[in-house]
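Read the structure below first, then the notes.
Read-outs throughout are calculated quantities, based only on the coordinates presented, and are distinct from any laboratory measurement. Because the structure is a prediction, the values reported are computed rather than measured. We place every Cβ from the backbone using ideal geometry, glycine too, and count neighbours over all the protein chains shown.
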Amino acid sequence: MTAAPTSAARPATAGSPGSRRRRGRASTDDLLAAAVGAVPGGAARPGQQQMATAIDNAIGSREHLLVQAGTGTGKSLAYLAPALTVDGPVVVSTATLALQAQLVEHDLPRLADAVEPVLGRRPTYAVLKGRHHYVCMAKLDHSTEDEPRDTLFDSPSSGGNSTGWLGEAGRLGKQIQRIRDWALASETGDRDELDPGVDDTAWRQVSMPARECVGATRCPYGDECFAEASRVRAREADIVVTNHSLLAVDMLAGRHIVPPHKLLVIDEAHELADRVSSAAQAELTVEAVERAARQSRPLLTPEIAETLVEAGDALAVGLAEVPAGRLTAGLPSPLREACTLLDSATRSALDRIGDVKADDPDPVRKQQSKAVLDELSKTVQRLLEEADHDVAWVEKPEGAQAGRRALVVAPLSVAGTLAVNLYDERTVVATSATLTLGGRFDTVARALGLAPGAAVDQPEGSRPAPTDEADRDSPPWRSLDVDSPSTTPGRASSTSPRTCPGRPPPVCPRRPARSCSGSSGRSADVPSGSSRRDGRPPRPRSCCGPAPTCPCCSRARRRCRCWSAGSARTRRAACSA
């Protein structure tokens, strides 16, 4: 659900505390108090207040901030309240659809109602998604089955597990017709509002990836474009909610998708590097080459179209001969020959198609063909380059994806990309329940493109020395752990026992035979009397669920850091810290 934003005059410049107070005539403390008061049973939380104050200071000083805040801190309100003091849109990026839905459907509507008396106006918000999430009227007008089925079964031309009945063509047509009827009455064209939904195959027929879009000025349906309308709403909103994948694409594309802003909040920040890596990844498949040849055939000469088909055949042979796994010694000869053929074929095809012009008979289809060929060409050239910062491998999945084969290339690290594209001309606040390893932010800071030596809140003697020019050019940043026993009031100190003094450890709610670690939630110890079958003492186990409220400090329930980590890799790292 996207709230319709309204424009507001913003004469002041974001960044200075004075301008932030002039805009809403309210401080972060006032806004947070109003927001907390609107939550049923809401009460002030020291960690939440500490986090909001740190973000407010970061906005004023324009220093980047890393915040670790465990479950129950109230992170959403802690960063939304100071966000309302910033002039211009504030962008909030999430990794999961669940958190995005929570913000848009629950937190932001309640926050807008609560702070309206304080601000003197109702703040606005909008959701920004990729173009493929919206129906494209131009493609809907030309929607046909681009891959006709001439036989009883689909042809598994490239080994893909895509066999289907001829009757599926009729089912696909019915779904496209239902999308057409819905789009004519929809105000947003957002796929998430189509209920019941449709198959991915049907949606691909009516949606347009960004790389294939000709742009609103050259599209005959530019005035009716749902994706462009969503960007207009985002530019006029106070808070824009997006996702890490679109944020990554925006950075790699020169930051022209997300509206200009002075504050970027990255929730679930431990997932960002993986999403950027996925966005920077490219692959070659036989299906993609065949689709490009079929799509562009009307625009090519028979000879050039045939070279594309031959290159696809060579790629199929190469992928069949090379075993799955990382290519540590460069491209094997069969794959190198296939890539060389494909490089020559795509160059010839792109030269033949030429530029997309406003007076072309069908600029949409021409741009689609050109975009697919251009992506193939760039991927092939990247593979043939064999750069030191890239890694390539052959994929041959099993199970439902059995038969699919791909040649994949991806960056070894995206830290350099983030260092160049993430922090320039905006303040970045990265928060998550798991940002530290061994109580330090150094590891995640490096993964996010920040040099540990640029942490301004560390004593000079404890900062790591810069190792290269990139470290010396790193922007300054601060860190805050509101879930740390040494920084959170009312919690046990770092030298005290894990459980509260004078209190027995609470029982783990999911495994009663084991005890949780009280308010720290880091590990679980097995009570005396329990033993393994071999008679030896039992091994310590990680806590399997949330600990109950601490009877001493009345802290809210928290999960173990190893349990709340968002991926298996970060879970193992946090568990071993």
*In nm, to one decimal, how far is the GLN281 label point from the VAL420 one, both placed 7 Å along Cα→Cβ?*
2.1 nm
*asked:* Quick query: amide H of ASN243 versus all other amide H atoms, modeled in the peptide plane; which residues come in under 5 Å with a sequence gap of 5 or more or a different chain?
replied: THR94
*For ALA44 and ARG294, what does the FRET efficiency come to when R0 = 51 Å and r is the distance between their Cβ atoms, rounded to the nearest 0.05?*
0.25
*Return the long-range amide H neighbours of ALA216 (sequence gap of 5 or more, or a different chain), with a cut-off of under 5 Å between placed amide H atoms.*
none
*Ellipsoid equivalent to segment 283-414 - semi-axes via the Cα gyration tensor, in Å*: 28, 16, 14
*Between GLN381 and ASP223, what length comes free when the chain is fully extended (0.36 nm per residue of separation minus the Cα-Cα distance, one decimal in nm)?*
53.2 nm
*Please work out the FRET efficiency for the pair ASP359 and ALA210, using the Cβ-Cβ distance as r and a Förster radius of 22 Å; give the result to the nearest 0.05.*
0.40
*Taking amide H positions as placed 1.01 Å from N in the peptide plane, with prolines and chain starts having none, which residues 5 or more places from ASP390, or on another chain, fall under 5 Å of its amide H?*
LEU412
*Taking θ as phi - 60°, what are the ³J(HN,Hα) couplings along segment 46-62 by the Karplus curve (6.51, -1.76, 1.60), each to the nearest whole Hz, with x for Gly and Pro?*
x, x, 5, 5, 5, 5, 4, 5, 5, 5, 4, 5, 5, 5, x, 8, 6
*Between ASN57 and LYS174, what is the label-to-label distance in nm when each label sits 7 Å out along the Cα-to-Cβ direction?*
6.2 nm
*Let me have the relative contact order for segment 283-414, percent, based on Cα pairs under 8 Å that are six or more residues apart.*
32 percent
